[in-house]
Structures are given as C-alpha cells and as structure tokens.
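Engineer: Just dropping this structure here.
The values are calculated or read from the model by the stated rules, or taken from the named source; none is laboratory data. The model shown is predicted, which means the values in this text are computed figures rather than measured ones. Here Cβ is always computed from backbone atoms with ideal geometry, including for glycine, and neighbour counts include all displayed protein chains.
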Amino acid sequence: MRMVFRWYGEGNDTVTLKQIRQIPGVEGVVWALHDVPAGEEWPMDKILEVKRQVDPYGLHLEVVESVNVHEDIKLGLPTRDRYIENYQRTIEKLATVGVKTICYNFMPVFDWTRTELFKEMEDGSTALFFEKAKIDNMDPMELVRRIASNPDLTMPGWEPERLGRLSELFEAYKGVTEEDLWRNLQYFLEAIIPVAERSGIRMAIHPDDPPWSIFGLPRIVTSQANIRRLLKMVDHPNNGVTLCSGSLGANPENDIPAMVREFADRIPFAHIRNVRVYPNGDFIETSHRSCDGTVDIAEVVRAYHEIGYTGYVRPDHGRHIWDEKCRPGYGLYDRALGIMYLWGAWDALERSKRGNA
C-alpha cells in the first residue's frame, strides 16, 4: 500500500508539509483547490502553485480529494452539461501534474454529517460525533450553523456558496428519488470516464457519510450491494471507489473486509479509520486500534494485504489529542499515530508472509 496524507494547503492547514514529510512511509499529499466553487474549471496557475509548494519536500500530488460535483449534475438539470465539461477539462489539467486518482462524492447538499465536532471522550481527547436523535429532529440550518462556526478553517463539503443556497437546494431535491440519483450518476460517469481513461486517472467515489438518508435526501453509495451496482453500471477500470472504512463502518451491517476482497481491483484509494457505533445509532470516531471501535481495522488491513493492495491509503479523521488546535478531524498527532498503527499491522503481515514462504 502507498501511504498518503491529506493536506489543505498553505494558509489553510495547521499541519505543515515539513511535518508530513517526517511521518514514516508517507510519500504524497492528498490535496484539492478548496477555494474553487463546485462546478468551476480548476485554473492551471493554481494547480501549478500547489505543485510548486509541495515539490521541495519530495512528496507527490498523485491523489486529489475532491473535485466536487455541482448540484445541477446530481439533480440532472439541463445545465449539467456545462459543469460536466468543466469537470472533464479539470481532469485533463490534473493529469499534466501527475495526478493518478480523483476522489469525489455524489451526496446531495451535504457531504459528511456530524452533530458535534469536539465531543469529549473518556480519556479527555475529543472527536467528531454523530447523534442520531439530534439529526432526526434538527433543522438543517442549525446543523449548518454548528459546522460553519469556525470561520478560520474551511470544512470540506460545507462550502459557503453551497450552504448559502440551502433552502433552494432542499426545494430542488423534493421528489428526487434514489433511482433518479442513480440515473444522474450514470450520466455523469458515462461522460467523464472516457476522459479519465485517456488522462490515465482513476475516478474513486467516496461512500456516503453516514451511509443512510439524512433530512429526507436520497443517498445511494451506502453498502456492498450498492457499490457493486455502481461498479457494474459503468464497468470500467477507471470507475472505482474510495473505500472508506469509517463512513461505511457507521452501519455495523457493512462488512468492510468482504468489500475489500470483492472490489479488490476497483479500489484505487482507501480511507482507513475506526468508529465506535452505539446501539441507538450514534457513533464517534476513535483511534485506529481495532479494540477502540466497532470496525476491526486489523482485519481490514489483513484483507488489503491478502489482495496484494498497491493503491493509495490515508488515515482518515483523527481525534484531537495533546491539546492540538486543528481543523476538526484533521490534526497531525492522531493521524500520524494512525499511520503507525496501519504500518505496524502491515509489517507484521509481511513478516508472517516471509516466514511462511
């Protein structure tokens, strides 16, 4: 596996490239142009500026997360073709700086959803937390106010221009079914996958987080069966999935190791993190250790090792520990610890393999 680390850019991240370079086994950064609105073509000068910043540290730019999909594409509106053309041109530009994988999602209105950004845990650390009853009874605007309460650091998937149209978007999605969303996703994929193939880039859709409907909005990338449908819908090696153990793991019925084994050749990018799921449907993000959560991370790593995985991996959301002041879920310390846990599990499997050879 090839270890990478998400970085939000100069002036927009508390973690520096120098620090990332010192984490053992990390070879590249996962990046994006977070100031470009969804649907707009990425400017080449801004892409090259990120390359100029990263190159001196010997890190690569092979994974982008995310090139966001405009809501008109998800809604299937007549205007979608203009935004798809922008997406196609962005793919072509990213190929020129060595990008090999683009992560994206197809979640209506909201990206990932949590009710608390700094929920205190038993040991005094804090973490992202989802309280099901609150979401079931909350006004979406209240959730927006909570997530947007820190103006100093952008929150991916909670872009101000999108949230500023919240009422309008909820009205637009009235009557939109899961099957409508499937059709619109297929239309999008049939348009971009040929461009991705020519550009040498693999598209990797991120599962819905959490993997069920919120506020009555349809969600479709939620389970093994649905990922199977997605990959067969446009059955091409460049149409893949970002297999996120944390997003899918919020539903204990999802068997992550089984997904790794079934979709082995269609996972160009993986997020590995743990969550502790409670009987009432709440969940909190924990350390990467298997015993700290509901997802058996050691078994997930074993599955990747069994398939001889050579794709990109990053530790996903971490706790906030040792009084670190950082973007929720994206500090340095706990994600670096997560990387060492993943490498430890991987190295043990490698040693065992050599011993049995």
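Engineer: Quick one: which of Arg6, Arg114 is under 25 Å from Pro211 (Cα atoms), basic (Lys, Arg), out of contact with any Gly (no Cβ under 9 Å at 6 or more places or on another chain) and buried (at least 22 other Cβ atoms within 10 Å of the Cβ)? If you could, list the steps in order and put the result at the bottom.
Structural biologist: Numbers: Arg114 fails: out of contact with any Gly (no Cβ under 9 Å at 6 or more places or on another chain).
Unique residue meeting the criteria: Arg6.
Engineer: Quick check: anything in the range 308-320 surrounded by fewer than 20 Cβ atoms within 10 Å (Cβ to Cβ), modelled with pLDDT of 95 or more and either part of a helix (DSSP H, G or I) or in contact with a Phe, Trp or Tyr (Cβ under 6 Å, 6 or more places away or on another chain) (or both)?
Structural biologist: No, the range 308-320 contains no residue that is surrounded by fewer than 20 Cβ atoms within 10 Å (Cβ to Cβ), modelled with pLDDT of 95 or more and either part of a helix (DSSP H, G or I) or in contact with a Phe, Trp or Tyr (Cβ under 6 Å, 6 or more places away or on another chain) (or both).
Engineer: Considering Leu185, Leu231, which residue is in contact with a Lys or Arg (Cβ under 6 Å, 6 or more places away or on another chain) and assigned to a helix (DSSP H, G or I)? Full working, then the answer.
Structural biologist: Working: Leu185 fails: in contact with a Lys or Arg (Cβ under 6 Å, 6 or more places away or on another chain).
From the options Leu185, Leu231, the qualifying one is Leu231.
Engineer: Evaluate the following for Met141: is it modelled with pLDDT of 95 or more, of a type in the set (A, V, I, L, M, F, W, C) and either closer than 30 Å to Lys325 by Cα or not in a helix (DSSP H, G or I) (or both)?
Structural biologist: Values: modelled with pLDDT of 95 or more: no; of a type in the set (A, V, I, L, M, F, W, C): yes; either closer than 30 Å to Lys325 by Cα or not in a helix (DSSP H, G or I) (or both): yes.
Judged against the criteria, Met141 is not a match.
Engineer: Go through (1) surrounded by 14 or more Cβ atoms within 10 Å (Cβ to Cβ); (2) touching a strand residue (DSSP E or B) at 6+ places or on another chain (Cβ under 9 Å); (3) part of a loop (DSSP other than H, G, I, E, B) one by one and return the number of the condition Thr14 breaks.
Structural biologist: Tallying (1) surrounded by 14 or more Cβ atoms within 10 Å (Cβ to Cβ); (2) touching a strand residue (DSSP E or B) at 6+ places or on another chain (Cβ under 9 Å); (3) part of a loop (DSSP other than H, G, I, E, B), Thr14 fails exactly one: (2).
Engineer: Right, next: Among the listed residues Thr90, Thr96, identify the single one that is within 16 Å of Phe188 (Cα to Cα) and either crowded, with 19+ Cβ neighbours inside 10 Å or at pLDDT 95 or above (or both). Even if it seems obvious, please write down each step before you answer.
Structural biologist: On the way: Thr96 fails: within 16 Å of Phe188 (Cα to Cα).
Criteria check complete, one pass: Thr90.
Engineer: Let me ask something else. Restricting the search to the range 272-307, which residues are hydrophobic (A, V, I, L, M, F, W, C) and assigned to a helix (DSSP H, G or I)?
Structural biologist: Kept after step one, since they are hydrophobic (A, V, I, L, M, F, W, C), are these residues of the range 272-307: 272, 275, 277, 283-284, 291, 295, 297-298, 300-301, 303, 307.
Passing the criteria: Cys291, Ile297, Ala298, Val300, Val301, Ala303.
Engineer: Within the range 30-45, how many residues turn out to be surrounded by 14 or more Cβ atoms within 10 Å (Cβ to Cβ) and of a type in the set (D, E, K, R)?
Structural biologist: 2
Engineer: Determine the pairs where a residue that is within 15 Å of Val69 (Cα to Cα) and buried (at least 17 other Cβ atoms within 10 Å of the Cβ), located within the range 171-191, has a partner that is modelled with pLDDT of 95 or more and small (Gly, Ala, Ser) with Cβ atoms under 8 Å apart, the partner being 6 or more residues away or on another chain.
Structural biologist: Matching pairs, first to second residue: Asn184/Gly76.
Engineer: Sticking with this one: Pull up the range 328-352, narrow it to residues that are in contact (Cβ under 8 Å) with a residue 24 or more places away in the chain and more than 24 Å from Ile284 (Cβ to Cβ), then point me to the one that is surrounded by the fewest Cβ atoms within 10 Å (Cβ to Cβ). Give the steps one after another, and end with the answer.
Structural biologist: Filtering the range 328-352 for residues in contact (Cβ under 8 Å) with a residue 24 or more places away in the chain gives 328-332, 334-343, 345-346, 349-350.
Subset that is more than 24 Å from Ile284 (Cβ to Cβ): 343, 346, 349-350.
Working: Trp343: 19, Trp346: 19, Leu349: 16, Glu350: 12.
The qualifying residue surrounded by the fewest Cβ atoms within 10 Å (Cβ to Cβ) is Glu350.
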